[in-house]
Amino acid sequence: MRVLVIGAGMYVTGRKGTGTGTILSSLAETSKTLKIDEVVVVARHRGNRAVVEDAVGRINKTIGSDLDVGYETIGGNAGKGIRALCRKARFDCAIVSVPDHLHFAYADEILKQGMHCLVVKPLVPTLAEAKKLVHAQERMGLLGVVEFHKRFDETNLYIKKALAEKKIGKLLYITVDYSQKITIPVQVFRGWAERTNIFQYLGVHYVDLIYFLTGYKPFKAMAVGTDGILKRKGIGTYDSVHATITWVNPADPKDWFLSQFSTNWIDPACTSAMSDQKYKIIGTRGRIECDQKNRGVELVRENQGVQAVNPYFSEVLPGPDGALRFGGYGHESINLFLRDVQDLKTGNATVRSLEPCRPTFRQSMVSTAVVEAVNRSLRGKSNWVKIHAAF
């Protein structure tokens, strides 16, 4: 298998002191059980070559893998760059990890080149773009999925089962509190932070999760944004976005519930985790509370303060044989995509058989429609925006 990776940022390489990243480390771990002949990372700046080589060296050394990773520089035209690359080599699949506003151009060209495609969240900012990608993916008979790794968190899977068993009765409302360190917009994503907002970039995870947990569809949304801190630092985007969404049971329009989101990316840099995330689900016969930051592990170091550790997302841990391996639901999301691509190649799966049980482009139209509605509400003085979409 030959894999193309678009982007060389934090999630790919773990740059700017954020660790080993998730994408390259997942590819390295998968390569120990699934033959990956080569990975090629492409980005716009030549200086990224050293970043990629350093990341691959650290990862291979840590887990004893031998992942072969090359690097190519492409220009600003996504279509032209991918076409030129594909004239030189054939790839089985591609992983897109670039700023939100570039997702469509790269994913569209990848599909045109006949590659299965995984895109980091959000799929795209607009429903029109999402529909075009779904049409292209289905017309070409390719797998298109979004890296919504919260679907693989065992905590969330437990909650999905509890809801399916009606343990808390009829759903009434869900609240989500989700925030990140201010270093994300100010340092890590400074070059493009003002092209997105915290709800679109991060809150979309929980939009998809609510859809995954309940099966309900969004009906309308409204949002309010606050600003000031980031704008004073020269970044023209909201400090926080607060959204309200109504969800309707597709089988019974009279059955609906409310979700309320409070999202920000201005937490102090000294806070104990990159993300602070909690949600509550209230029903007529009970409630579920889920703290997804405090997983019961706390690390205190002399010069680095307190860290709330989540070993279940992305961590290198010893396996049964004592050898280190990358594991967690963040890696499982990427590893499953690669295994699906292999099964599609060997005929052990079809794109149609994977559609109901993967965060596909078609399923991701739900979260895209909410993102678009929230963005329209923010631009329209916090008015309610109906979501008219055939998912």
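The values are calculated or read from the model by the stated rules, or taken from the named source; none is laboratory data. Keep in mind that what you see is a predicted model, and the values were worked out from it rather than measured. Glycine also receives a Cβ, built like all others from the backbone with ideal geometry; neighbour counts cover every protein chain displayed.
A Cβ distance below 7 Å, combined with a sequence gap of six or more or placement on separate chains, defines the contacts here; from region 203-231, residues that are without any contact (Cβ under 8 Å) to a residue 40 or more places away in the chain reach residues that are small (G, A, S) in the pairs T226/S240. Residue check: G9 meets all listed conditions (1) in contact (Cβ under 8 Å) with a residue 12 or more places away in the chain; (2) surrounded by fewer than 24 Cβ atoms within 10 Å (Cβ to Cβ); (3) closer than 21 Å to L336 by Cβ but one, namely (3).
Taking the criterion of being under 12 Å from I198 (Cβ atoms), modelled with pLDDT of 95 or more, assigned by TED's automatic domain parsing to the domain that holds I198 and in contact with a Ser or Thr (Cβ under 7 Å, 6 or more places away or on another chain), would at least one residue in region 241-258 satisfy it?
So far as region 241-258 goes, yes, one or more of its residues are under 12 Å from I198 (Cβ atoms), modelled with pLDDT of 95 or more, assigned by TED's automatic domain parsing to the domain that holds I198 and in contact with a Ser or Thr (Cβ under 7 Å, 6 or more places away or on another chain).
Residues of region 50-88 that are of a type in the set (K, R) and within 24 Å of the chain's Cα centre (by Cα): R58 alone. Could you check, for region 197-209, whether at least one of its residues is of a type in the set (S, T, N, Q) and surrounded by 22 or more Cβ atoms within 10 Å (Cβ to Cβ)? Looking through region 197-209, at least one residue is of a type in the set (S, T, N, Q) and surrounded by 22 or more Cβ atoms within 10 Å (Cβ to Cβ).
Tell me which residues, restricted to region 153-165, are charged (D, E, K, R) and either in contact with a His (Cβ under 8 Å, 6 or more places away or on another chain) or without any contact (Cβ under 8 Å) to a residue 24 or more places away in the chain (or both).
Correct list: K161, E165.
How about region 40-73: which of its residues are buried (at least 16 other Cβ atoms within 10 Å of the Cβ) and in contact with a Lys or Arg (Cβ under 8 Å, 6 or more places away or on another chain)? Correct list: V40, V51, A55, I63, S65, Y71. Here region 241-252 is the region considered, the condition is being of a type outside the set (A, V, I, L, M) and surrounded by fewer than 21 Cβ atoms within 10 Å (Cβ to Cβ), and the residue that is farthest from I182 (Cα to Cα) is D252.
All conditions but one from (1) outside any helix (DSSP H, G or I); (2) surrounded by fewer than 17 Cβ atoms within 10 Å (Cβ to Cβ) apply to I36; the one that does not is (2).
Selection within region 278-292: residues that are in contact with a helix residue (DSSP H, G or I) (Cβ under 8 Å, 6 or more places away or on another chain) and not aromatic (F, W, Y). The member of this set that is surrounded by the fewest Cβ atoms within 10 Å (Cβ to Cβ) is C290. In this structure, L27 does satisfy being modelled with pLDDT of 95 or more and in contact with a strand residue (DSSP E or B) (Cβ under 6 Å, 6 or more places away or on another chain). Of the helices (runs of 4 or more DSSP H) entirely within region 300-391, those holding at least 2 residues that are without any contact (Cβ under 8 Å) to a residue 40 or more places away in the chain and more than 20 Å from V204 (Cβ to Cβ) occupy 329-346, 351-354.
The set of residues in region 153-185 being part of a helix (DSSP H, G or I), over 20 Å from the mean Cα position of the chain (by Cα), over 12 Å from I281 (Cα atoms) and not basic (K, R) consists of Y158, A164.
Quick check on region 152-175. Is at least one of its residues closer than 26 Å to A94 by Cα and at pLDDT 95 or above?
Within region 152-175, one or more residues are closer than 26 Å to A94 by Cα and at pLDDT 95 or above.
Against the numbered list (1) touching a helix residue (DSSP H, G or I) at 6+ places or on another chain (Cβ under 8 Å); (2) without any contact (Cβ under 8 Å) to a residue 60 or more places away in the chain; (3) over 29 Å from G19 (Cα atoms), D239 comes up short only at (3).
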